[in-house]
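**Student:** One structure coming up, written as structure tokens, with questions to follow.
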Amino acid sequence: MVQLVGSLRKELADSLSACRVLVVGAGGIGCELLKNLVLTGFKNIEVIDLDTIDVSNLNRQFLFQKKHVGKSKAQVAKESVLQFCPTANITAYHDSIMNPDYNVEFFRNFMLVMNALDNRAARNHVNRMCLAADIPLIESGTAGYLGQVTVIKKGLTECYECQPKPTQKTFPGCTIRNTPSEPIHCIVWAKYLFNQLFGEEDADQEVSPDTADPELSWNPADTEARATASDQDGDIKRVSTKDWARSTGYDAVKLFNKLFKDDIQYLLTMDKLWKKRKAPLPLDWLEIQKLACPQEVTGTGLKDQQVLGVAGYSQLFSRSVETLRSMLADKGDGAELVWDKDDPPAMDFVTAAANLRMHIFSMNMKSRFDIKSMAGNIIPAIATTNAVIAGLIVLEALKILSGDVEQCRTIFLNKQPNPRKKLLVPCALDPPSANCYVCASKPEVTVKLNVHKTLVLALQDKILKEKFGMVAPDVQIEDGKGTILISSEEGETEANNSKFLSDFGIRHGSRLQVDDFLQDYTLLVNVMHCEDLEKDVEFEVVGDAPDKAPTPPSAQEDKNVANGNKDSAEPSTSSKAPAEQDDVLIVDSDEEEPSSSTMDVRMESGGHKRKLHDAETGEASAKRQRLDQPSAADEDDDDIIALD
């Protein structure tokens with residue numbers, strides 16, 4: 001007769017109380033998951049989260065209360081969960097999982113890892129650490145009413161990075177600086193402006209008019225005269241935005257007139273830009289104060305959902321500049337502020353600056369709520385969805401600890417029942433991809449770039465770290481001499497950073513061996529020299545499609561699910577099926593099929609169809625259609641845009 005401990009077999013209950021598990025993330029899913037784990041019988045839990053509690057978390061992250069705002073999520077979650085089970089042994093880390101202290105040996109301490117993350121870099125990292133340690137990983141994600149849980153096991157299933165993911169959506173610098181045509185362009189500009197004035201300056205985030213815009217094509221003889229005239233007319237000085245602001249003492253009126261009057265007048269001298277576009281209209285601080293009423297608003301409802309007039313946003317701009325200036329001064333010389341959508345002065349500044357620029361370029365202004373959604377990558381979080389997904393994570397964990405990994409599934413939570421009346425739909429897991437540059441037996445990629453124009457620093461930061469998710473890469477050229485191009489040891493190869501790859505004899509056909517010892521990961525990079533890459537493209541991964549989803553085998557639109565808010569954890573596998581109007585990710589699995597995957601979400605406002613995109617990266621991945629059903633006809637959210 002089977003012995004039971006509660007609802008579990010005694011052997012399984014004993015296994016739960018003895019095993020160590022790691023929970024990465026203590027947000028919306030993490031809170032529900034920690035509670036479920038201790039109530040199921042898990043006794044040895046470690047939880048890590050770098051975030052602190054914000055008041056906006058309290059509506060769904062139930063382990064936190066108002067008195068906890070500003071405190072470590074991991075630590076408070078531990079204290080709250082212990083009230084459910086005082087005998088549990090819980091260790092909390094207020095830290096980043098990407099800290100080198102949490103190496104492969106750290107991961108080998110656990111029988112199981114469960115992710116509840118909100119960014120791709122950390123997901124990539126945990127995926128690689130679990131592969132290196134050969135520890136099962138359960139990925140999960142929610143976005144509104146949608147959710148997914150999947151299992152990753154080395155050698156048995158796809159890893160998180162088996163399916164190529166598009167790069168985060170970006171915009172040409174000249175569009176942001178010179179010719180914005182959509183509200184998101186103005187919001188990106190305003191976020192750049194925040195960093196240029198109060199945060200860490202980045203040359204790639206310049207906000208002043210771009211004189212190198214390829215559309216301009218000025219006659220060389222006219223260029224100096226135009227610039228000189230603009231200097232005289234608009235008092236434009238080509239100096240650092242932050243230096244200029246400091247020289248004025250962060251005077252809000254002077255900043256306003258420079259950004260919304262003088263810079264716009266300078267843009268108007270670039271007359272070729274406006275031959276087929278409506279020219280921008282400069283704003284003058286004094287004129288606005290004379291003519292308009294700051295109290296004018298449009299829209300009803302909550303304050304954040306109202307749209308102020310130009311005068312109202314002018315006043316908001318002035319107040320937010322004063323507040324941010326004081327915050328910066330309080331931090332001392334050389335200090336910087338960090339953009340945070342939940343910081344009211346920062347959000348006020350971006351709301352005001354973005355709306356003023358929208359008005360200048362003849363766009364309808366947006367409410368604070370709308371701008372926060374776009375600037376902060378927010379997809380509305382539903383507490384019930386988090387609860388369902390957390391429960392499914394535990395069920396998959398029980399299968400793993402029972403030794404039934406082959407019974408694990410990718411499970412989708414749909415917004416509406418599918419044709420067979422199912423909200424929860426399981427799909428068989430896909431096997432590892434033979435072409436994956438992470439979990440293949442000998443990971444190898446080919447990168448197309450111009451060796452005469454690509455700096456060693458760009459190879460390190462943009463290709464190896466950003467594109468391939470490495471933390472501390474070491475690069476050796478396979479030239480017969482073992483030349484070290486990049487070393488993770490500080491100071492060893494920094495002199496190489498400003499040199500081009502060709503300076504080291506790298507040419508078409510060269511091979512680079514890249515090692516990340518923290519991730520226990522080695523990648524062979526084949527260099528393909530190319531001098532005719534598309535405009536603004538620094539490199540391409542051959543066989544990858546960074547700006548679009550993989551092409552599905554049917555006419556159906558790509559779909560996938562992920563979290564855009566702090567509750568997110570973008571799972572690694574997904575499934576494709578016919579969608580019917582609002583129904584997304586509908587996969588019926590009476591006959592289970594493999595699921596080919598990544599998850600994320602966007603919901604189209606005002607329409608009946610849904611298209612899923614990663615709120616962090618703008619990505620979409622194909623879902624395999626059921627073999628026994630005909631393909632559905634071709635099928636965006638609340639303007640959820642991927643921003644850094």
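The values are calculated or read from the model by the stated rules, or taken from the named source; none is laboratory data. None of these values were measured; they are calculated from a predicted model. Here the Cβ positions follow ideal geometry from the backbone for every residue, glycine too, while neighbour counts run over all protein chains shown. Each accessible area value is taken on the protein alone, full model and side chains, heavy atoms only, with ligands, DNA and RNA left out. Shrake-Rupley method; radii C 1.70, N 1.55, O 1.52, S 1.80 Å.
**Student:** Could you give me the residue pairs with C-beta distances under 6 Å whose first residue belongs to the range 444-465 and is part of a loop (DSSP other than H, G, I, E, B), whose second residue is open to solvent by less than 40 Å² (accessible area, probe 1.4 Å) and at pLDDT 90 or above wherever it lies, and which are 6+ apart or on separate chains?
**Tutor:** Val451/Leu501; Val451/Ser502; Val451/Ile506; His452/Ser502; Thr454/Leu501
**Student:** Let me ask you something else. Take Ala13 and tell me if it is buried (at least 24 other Cβ atoms within 10 Å of the Cβ), outside any strand (DSSP E or B) and touching a strand residue (DSSP E or B) at 6+ places or on another chain (Cβ under 6 Å).
**Tutor:** no
**Student:** So the check is Cβ under 9 Å with 6+ separation or different chains; which pairs have a first residue in the range 64-85 that's in the same structural domain as Gly28 (by the TED database) and a second one that's charged (D, E, K, R) and open to solvent by less than 20 Å² (accessible area, probe 1.4 Å)?
**Tutor:** Filtered contacts from the range 64-85: Phe64/Lys73.
**Student:** Ala18: surrounded by 18 or more Cβ atoms within 10 Å (Cβ to Cβ) and assigned by the TED database to the domain that holds Thr142, yes or no?
**Tutor:** no
**Student:** Looking at Ala121 and the list (1) more than 17 Å from Ala353 (Cβ to Cβ); (2) crowded, with 22+ Cβ neighbours inside 10 Å; (3) in contact with a helix residue (DSSP H, G or I) (Cβ under 9 Å, 6 or more places away or on another chain); (4) not acidic (Asp, Glu), which single condition is not satisfied?
**Tutor:** Every condition holds for Ala121 apart from (2).
**Student:** Looking at the structure I just gave you, is Trp189 at pLDDT below 75 and aromatic (Phe, Trp, Tyr)?
**Tutor:** Criteria not met by Trp189.
**Student:** Moving to a separate point now. Being over 18 Å from Leu518 (Cα atoms) and surrounded by 14 or more Cβ atoms within 10 Å (Cβ to Cβ) is the filter here; which residues of the range 485-498 pass it?
**Tutor:** Hits for the range 485-498 are Leu485, Thr493, Asn496, Asn497.
**Student:** Looking at the range 472-482 only, could you name the residues that are modelled with pLDDT of 90 or more, assigned to a loop (DSSP other than H, G, I, E, B) and either in contact with a Gly (Cβ under 8 Å, 6 or more places away or on another chain) or within 23 Å of Met98 (Cβ to Cβ) (or both)?
**Tutor:** Across the range 472-482, the qualifying residues are Ala472, Pro473.
**Student:** Restricting to the range 349-363, what's the tally of residues that are hydroxyl-bearing (Ser, Thr, Tyr) and in a helix (DSSP H, G or I)?
**Tutor:** Residues flagged as hydroxyl-bearing (Ser, Thr, Tyr) and in a helix (DSSP H, G or I) within the range 349-363 amount to 1.
**Student:** For the range 163-184, state whether one or more residues are part of a helix (DSSP H, G or I) and within 18 Å of the chain's Cα centre (by Cα).
**Tutor:** Yes, because at least one residue in the range 163-184 is part of a helix (DSSP H, G or I) and within 18 Å of the chain's Cα centre (by Cα).
**Student:** Restricting to the range 21-58, what's the tally of residues that are at pLDDT below 90, buried (at least 19 other Cβ atoms within 10 Å of the Cβ) and of a type outside the set (Val, Ile, Thr)?
**Tutor:** Matching residues across the range 21-58 total 1.
**Student:** Within the range 387-420, which residues are among the polar types (S, T, N, Q), part of a loop (DSSP other than H, G, I, E, B) and out of contact with any strand residue (DSSP E or B) (no Cβ under 7 Å at 6 or more places or on another chain)? Don't jump to the end; show me each part of the working.
**Tutor:** Looking only at the range 387-420, we keep the residues that are among the polar types (S, T, N, Q), and these are 402, 407, 410, 414, 416, 418.
Checking which are part of a loop (DSSP other than H, G, I, E, B) leaves us with 402, 414, 416, 418.
Ser402, Gln416 - these are the residues of the range 387-420 that are among the polar types (S, T, N, Q), part of a loop (DSSP other than H, G, I, E, B) and out of contact with any strand residue (DSSP E or B) (no Cβ under 7 Å at 6 or more places or on another chain).
**Student:** If Asn124 satisfies every condition in (1) in contact with a Gly (Cβ under 7 Å, 6 or more places away or on another chain); (2) part of a strand (DSSP E or B) but one, which is the exception?
**Tutor:** Failing condition for Asn124: (2).
**Student:** Restricting to the range 37-51, count the residues that are in contact with a strand residue (DSSP E or B) (Cβ under 7 Å, 6 or more places away or on another chain), in a loop (DSSP other than H, G, I, E, B) and more than 12 Å from Ala13 (Cα to Cα).
**Tutor:** Matching residues across the range 37-51 total 0.
**Student:** Follow-up question, since we're still on this one. Look through the range 59-68, keep the residues that are within 17 Å of Thr385 (Cβ to Cβ) and surrounded by fewer than 22 Cβ atoms within 10 Å (Cβ to Cβ), and return whichever of them is nearest to the chain's Cα centre (by Cα).
**Tutor:** Top of the filtered list is Asn59.
**Student:** Here's a follow-up. Which of the following residues is assigned by the TED database to the domain that holds Lys465 and open to solvent by 40 Å² or more (accessible area, probe 1.4 Å): Lys399, Lys366, Lys448, Lys415?
**Tutor:** Lys448
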